[in-house]
Amino acid sequence: MEQSRLPPGQYVPRGRPVIHYGRVPAFKPESWDFRVFGATASGEEHCVTWPDFERLPRRSVLADLHCVTKWSIMGSEWRGVSPAAILAAAPPDPRVRHVMIWAEYGYSANIRMSDFTAADTLFALELDGKPLAAEHGLPVRLVVPRLYAWKSVKWVRAVEYLLEDRRGFWEDRGYHNIADPWGEQRYSYQEEPGEGPE
């Protein structure tokens, strides 16, 4: 069954590999906040403190995670806040079709709104029944199972609503703008017309 869920070119490793760019940030609940900005419906920035973010409704998703370096972790249970809760609290302009997810140290990843609002996308606070470990994104990690894992941003701090698509950190450095593992969309040279910003 696991093999049938594996995208092309992927394998299941022993254990749970950990990959990220830069050092693991320290979580300071007293100063942590979550911002929603850009093309909001009101034109204003929304900001939520850690205690308020913790109180948002939670749900669970059982999902696989596929790294562009070709390993896949199968069947993890993620628990956290649905993007729908964020969209309800801070509605976007109706013309928004992409979001930029921002993390500590200025890291970013752009995502189509259709992937951001997918039923299995989640702002995770827990992994397999435990709070996220620091190396897995404590306190909040976006999980987008349908895309390669660099889109599942660790240490999330903000969502920016975009009226025009813009490349994020790895996309700007040669990774594919969409990142569908089933299409093996690893690198920008594979992009078809319309799959990335000009």
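Taken together, the values in this text are just the output of simple stated rules run on the coordinates, not laboratory data. Note that the structure is predicted; figures quoted are calculated from it, not measured. Note that each Cβ is placed from the backbone with ideal geometry, even for glycine, and that neighbours are counted across all protein chains shown.
In the set (1) 11.1; (2) 13.1; (3) 10.4, the label that goes with mean projected area of the Cα convex hull in nm² computed for this structure is (1). Taking θ as phi - 60° and the Karplus parameters 6.51, -1.76 and 1.60, the scalar couplings of segment 129-137 work out to x, 10, x, 3, 6, 4, 6, 9, x Hz in sequence order, x denoting glycine and proline. Between 57, 181, 139, the residue with the greatest mean-square fluctuation in the GNM of the chain (Cα pairs under 10 Å linked by springs) is 57. Phi angles across segment 43-55 convert, under the Karplus curve 6.51 cos²θ - 1.76 cosθ + 1.60 with θ = phi - 60°, into 3J(HN,Hα) values of x, 10, 7, 10, 9, 10, 7, 4, x, 6, 5, 4, 7 Hz, Gly and Pro given as x.
Note the full-extension length gain between residue 182 and residue 126 as 0.36 nm times their separation in residues minus their Cα-Cα distance, in nm to one decimal. Additional length available on full extension: 17.5 nm. Multiplying the residue separation of residue 6 and residue 118 by 0.36 nm and subtracting their alpha-carbon distance yields 38.4 nm. Here the relative contact order of the chain, from alpha carbon pairs under 8 Å that lie six or more residues apart, stands at 23 percent. Peptides 11-20, 144-153, 33-42, 62-71 ordered by packing proxy, namely the average of other Cβ atoms within 10 Å per residue, highest first: 144-153, 62-71, 33-42, 11-20.
Here the chain is assigned +1 on the Cβ of each Lys and Arg and -1 on the Cβ of each Asp and Glu. Its dipole about the Cα centre then comes out at about 560 debye.
One quarter of the convex hull surface built on the alpha carbon atoms of segment 17-75 amounts to 6.8 nm², the projected area averaged over directions.
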